[in-house]
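All remarks here apply to the structure that follows.
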Amino acid sequence: MGYRRRPSPLHAARAAVGGGLCVALALVALLYDHPLVLAAALLAGCGAASLAGVGPELRRALLFALPFTLLIALVNPLVSREGLTVVARLGEVPWFGRLDVTLEAAVYGGILGLRALALIVAFALFTLVVDPDELLRLFRRVSFRSALTVTLATRMVPVLQRDGQRIADAQRCRPGRAPSRLTLVRAVAGGALDRAVEVAAALEVRGYGAAAGGGAAGRGGQAGAGRVARARGGRAARRHARPWSRHDVAFAAVALALAALAVGGRLAGAAPFACYPLLDGDWGPATFAFAAAVALLPLLPFLDRRGLA
């Protein structure tokens, strides 16, 4: 699962805007306990992924995450001692004492699982629709070396995965007993170190050390030339900065509106829900309207698909 450019409004938006929308969805999941609002955040993330053309990839992520969310939902009733409505008495269990499963603990376990699923969907959407290279370029002015290091690290991960897969395939083709996983890790790690040395040498030849402000070039005339080149490059970058498109504006407005709705609703006490000591929640029209706004607001910018190939 990874980013691949697709003809969708969300892919056309800049990385900061797409990431802001995913963060706003995660913020809703973190601030609210009401199952209707959590389901709305989950539905919004799935709907945005489907309209962005990454539905199959998100389904694979959900299949991977579903066992963990079910485990969270099942463990909470067994370890929580809160709640007044006992639905099952499991007796004395060694090291745990008396286990009484309450309805409130079971419901709260389901809420925790639903929240985890909504967060997984939000961050999976972030992985699938936000260009990692463009996102790292946002941090170039803060720390060039850090941005370059993270860029190289993220680029090396799939390369190392392919190296490990090829070595594992080669090991399975050999007769006799298969080597241990430690042997595979040692071979991949050795190849990674050799590749890192080669990449570092290639970057040094191309002047990345001088661009980062380090190395011996920082002590001579090359440092001055490097500063002039960087200044010219910075002015050129500012002159040719990409203007905001209508997709940028639409998704930025939706992300800000969703974040404001989440924070403002939390401060105003919208969609209240409590599990302990007894279940207590609001299921009135205001809560349904709030959940509908959470579910539909992130999908509105997808209505404009003009100019997408």
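Here, each number is a calculation from the coordinates, and none is a lab measurement. Nothing here was measured: the structure is a model prediction, and the numbers come from that model. Using ideal geometry, Cβ is built from the backbone for each residue, glycine included, and neighbour counts are taken over all protein chains shown.
Would you mind classifying the range 73-121 by shape? Square roots of the alpha carbon gyration tensor eigenvalues, ordered a ≥ b ≥ c; an a/c under 1.5 is rounded, otherwise it is prolate if a/b is larger than b/c and oblate if not. It comes out prolate by the Cα gyration axes.
Taking θ as phi - 60° and the Karplus parameters 6.51, -1.76 and 1.60, the scalar couplings of the range 97-102 work out to x, 7, 10, 10, 7, 10 Hz in sequence order, x denoting glycine and proline.
The order of the peptides 180-191, 19-30 by mean Cβ neighbours within 10 Å, most packed first, is 19-30, 180-191. Couplings for the range 118-133, taken from phi via the Karplus curve 6.51 cos²θ - 1.76 cosθ + 1.60 with θ = phi - 60°, read 5, 5, 4, 5, 4, 7, 5, 4, 4, 5, 7, 10, 9, 5, x, 5 Hz in order; Gly and Pro are left as x.
Fully extending the segment from Leu30 to Gln171, taken as 0.36 nm per residue of separation minus the present Cα-Cα distance, adds 46.2 nm.
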